[in-house]
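S.K.: Could you have a look at this structure, given as structure tokens, before my questions?
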Amino acid sequence: MPTTFGFDNYQYQLVEGWGSLPKQCVASDVAVDSQGKAYVAIREWPYPDVTGGAVLVFDRDGKLLESWGEDLFTTPHGMWIGPDDEIFMTDSADHTVRKYAPSGELLMTIGVKGQPGTPGAPFNRPTRAVMSPRGEIFVGDGYGQNRVHRFTAGGELITSWGEDGVGPGQFNLPHDVTVDADDNVYVMDRENNRCQVFDVNGNFQSEWPGVPGPNDALLADDGLLHIATGHEGIHVMSLDGKLVGKWNQRGDQPGQFRGYPHGIWVDSAGDVYVAEVGADNALQKFARV
């Protein structure tokens with residue numbers, strides 16, 4: 001009988017061999033569009049000694065359909081796909097956020113290629129960009145500075161917030177940002193091992209302590225945040241900060257994590273996709289059962 005992962009009603013089985021990567025690389029993030037195609041951001045190996053990367057596109061069964069962006073990326077980092085299937089990508093070392101069509105056509109660039117912004121301004125090694133349900137763009141700017149930025153849909157800066165530290169509204173690597181339909185902004189404050197919640201103007205609302213090294217989060221169709229943590233696998237949390245459950249630990253067996261869960265997506269069927277850093281060719285799909 002296949003091994004089952006998960007907890008309570010959230011039970012999964014590993015899809016063996018799904019999404020085999022065509023060369024040695026690091027899978028930085030993964031996202032799925034409305035047609036069930038999975039987009040995987042990869043970095044060249046060995047990272048960070050070698051820079052560059054691409055986006056690989058797989059069908060639902062894990063067949064590689066195409067790749068693009070080989071001539072565009074320095075360090076592909078975070079990826080997010082909106083309901084219209086437009087793809088938001090952060091290139092950390094390139095200090096940019098770009099929006100693409102599913103074909104790979106470049107639609108918009110925020111930031112200046114290869115040039116960090118002035119202190120406090122966008123961007124200094126950004127981590128992830130998402131679009132809110134109201135159509136605004138939010139960006140975690142976490143490797144070079146501890147900031148979150150809010151933009152119009154056209155890429156005009158509205159406001160920024162955050163500074164170094166451990167207090168409310170302070171960050172130590174805001175690695176991901178997620179926005180719900182009520183304009184609550186959930187920031188994965190990775191090195192502070194917590195999630196902080198703000199309104200869209202950056203006003204502090206609450207803190208969820210004890211989230212161990214959160215790298216990426218997705219607000220799934222079930223209304224819960226599915227969080228890829230660097231230390232304890234996948235955490236599932238309600239929007240009031242309660243832990244619903246967690247699953248999977250690091251190990252060498254199929255379905256365990258060889259590296260650190262860095263990117264997560266949950267598709268319309270409830271299947272979970274996980275991209276890992278700290279290990280080469282670490283990409284897995286878990287089918288909900």
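The values are calculated or read from the model by the stated rules, or taken from the named source; none is laboratory data. Note that the structure is predicted; figures quoted are calculated from it, not measured. Don't worry about glycine lacking a Cβ; one is built from the backbone with ideal geometry, like all the others, and counts go over all protein chains shown.
S.K.: Can you find even one residue in the stretch 63-75 that is of a type in the set (D, E, K, R), under 22 Å from Asp222 (Cβ atoms) and at pLDDT 95 or above?
M.R.: Looking through the stretch 63-75, none of the residues is of a type in the set (D, E, K, R), under 22 Å from Asp222 (Cβ atoms) and at pLDDT 95 or above.
S.K.: On to the next question. How many residues, within the stretch 159-210, are surrounded by 14 or more Cβ atoms within 10 Å (Cβ to Cβ) and either of a type in the set (Val, Ile, Thr) or on the phi < 0 side of the Ramachandran plot (or both)?
M.R.: So the answer is 30.
S.K.: Can you pull out the strands (runs of 3 or more DSSP E) entirely within the stretch 34-140 that have at least 3 residues that are within 19 Å of the chain's Cα centre (by Cα) and within 21 Å of Pro261 (Cβ to Cβ)?
M.R.: Qualifying strands (runs of 3 or more DSSP E): 38-44, 53-58, 76-81, 87-91, 128-131.
S.K.: Pick from the stretch 214-232 the residues that are touching a Pro at 6+ places or on another chain (Cβ under 9 Å) and surrounded by 21 or more Cβ atoms within 10 Å (Cβ to Cβ): which of them is modelled with the lowest pLDDT?
M.R.: Going through the qualifying residues, I end up with Gly230.
S.K.: Identify, please: which residue in the stretch 134-158 is more than 25 Å from Val30 (Cα to Cα) and touching a Lys or Arg at 6+ places or on another chain (Cβ under 8 Å) and is, among those, surrounded by the most Cβ atoms within 10 Å (Cβ to Cβ)?
M.R.: That would be Leu157.
S.K.: Scan Gly82, Gly53 and give me the residue that is surrounded by fewer than 20 Cβ atoms within 10 Å (Cβ to Cβ) and touching a Phe, Trp or Tyr at 6+ places or on another chain (Cβ under 8 Å).
M.R.: Gly82
S.K.: Okay, next question. Could you check the stretch 1-27 and list, in sequence order, the residues that are surrounded by 14 or more Cβ atoms within 10 Å (Cβ to Cβ) and closer than 17 Å to Arg43 by Cβ?
M.R.: Result: Gly19, Leu21, Cys25, Val26, Ala27.
S.K.: Which residues, taken from the stretch 165-192, are assigned to a loop (DSSP other than H, G, I, E, B) and either modelled with pLDDT under 95 or within 16 Å of the chain's Cα centre (by Cα) (or both)?
M.R.: Passing the criteria: Leu173, Asp180.
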